[in-house]
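Chemist: Mind looking over this structure? Questions follow.
Values quoted throughout were computed directly from the atomic coordinates according to the rules given, and no laboratory measurement underlies them. This is a predicted model, so every value here is computed, not measured. Here the Cβ is made from the backbone with ideal geometry for all residues, glycine too, and neighbour counts use every protein chain on show.
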Amino acid sequence: MSQPTRPINAAVLTVSDRCSRGLATDTSGPALQAMLRQHLGAQIVATACLPDDIPALSACFVEWSEPSRAIDLILSTGGTGLAPRDLTPEAARAVFHREHPGLMELARARCAAITPRTYLSRGVAGTINRTLILTLPGSLRGSTENLQALLDILPHAIETLRGEVQDDGRPPSPDLRSSTGKVIHHND
């Protein structure tokens with residue numbers, strides 16, 4: 001797995017009424033932070049724990065996606081299920097500049113071999129400015145399995161979103177030539 005030209009700056013948001021009130025201990029957020037550091041060499045530059053509240057969640061996604069923050073990747077954990085208070089997808093969609101459904105579709109497809117309950121997650125993915133946002137399940141197992149399912153493609157996604165990938169290395173049409181910048185070669 002190739003790494004981007006500069007370290008990935010990441011933020012992790014835990015969405016939980018109980019954890020935000022100190023009634024439960026967050027295990028998913030710290031586990032996701034550890035995975036980001038270990039597998040992607042990411043620097044964790046922001047963390048928070050918020051209740052299931054659309055305005056608060058949307059505001060956090062927007063604040064962390066400000067270009068001056070230079071956060072490449074935001075992971076949220078929690079609020080993606082079927083319970084009435086599970087509102088994270090709605091909060092994210094309200095502020096996305098562009099939605100990218102394929103990422104969470106891939107995560108669910110890859111996790112289906114482990115458990116069909118992965119399809120109970122309504123997690124979404126999208127971008128605000130040049131920040132990629134993934135909304136993952138709230139359970140320790142669900143969040144880490146979903147992130148694991150995407151680790152192989154996240155570096156390239158982030159490089160592309162940053163504007164670092166100029167040419168993906170596939171054979172160009174006869175009237176196009178490779179542009180300057182990093183070239184990624186695919187075996188497909």
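Chemist: Please identify the DSSP H helices in the chain that span no less than 27 Å along the helix axis (Cα) and have a mean Kyte-Doolittle hydropathy of 1.6 or more.
Modeler: Values: long enough: none.
Qualifying helices: none.
Chemist: Take the alpha-carbon positions of segment 9-183, form their convex hull, and give its projected area averaged over all directions (one quarter of the hull surface) in nm².
Modeler: Numbers: hull surface 44.0 nm².
Quarter of the Cα hull surface area: 11.0 nm².
Chemist: Right, here's the next one. How many percent of DSSP beta bridges within segment 1-157 run antiparallel, rounded to 5?
Modeler: Here the share of antiparallel DSSP bridges comes out near 25 percent.
Chemist: With each run of n ≥ 4 DSSP H residues scored as -39500 (n - 2.57), what mean residue ellipticity at 222 nm is computed for the chain after dividing by its residue count and rounding to the nearest 500 deg cm²/dmol? Can you show the working numbers first?
Modeler: On the way: 7 runs with 65 residues, N = 188.
Calculated at 222 nm, the ellipticity per residue is -10000 deg cm²/dmol.
Chemist: State, as an integer percentage, the relative contact order of segment 9-183 based on alpha-carbon contacts under 8 Å between residues 6 or more apart. It would help to have the intermediate numbers written out before the result.
Modeler: Numbers: 321 pairs, mean separation 39.5, N = 175.
That works out to 23 percent.
Chemist: Once label points are set 7 Å from the Cα along Cα→Cβ at both His97 and Ala83, what is their separation, rounded to one decimal in nm?
Modeler: 3.3 nm
Chemist: Quick query: amide H of Val124 versus all other amide H atoms, modeled in the peptide plane; which residues come in under 5 Å with a sequence gap of 5 or more or a different chain?
Modeler: Amide H neighbours of Val124: Thr135.
Chemist: Give me the net charge of Gly41's neighbourhood, meaning all other residues with Cβ under 13 Å from the Cβ of Gly41; Lys, Arg count +1, Asp, Glu -1. Kindly include the intermediate steps, with their values, before the conclusion.
Modeler: Values: positive: Arg6, Arg37; negative: Asp72.
My count for the surroundings of Gly41 gives +1.
Chemist: Take the alpha-carbon centre of segment 107-157, take the same for segment 50-81, and report the distance between them in whole Å.
Modeler: Segment 107-157 and segment 50-81 have Cα centres separated by 15 Å.
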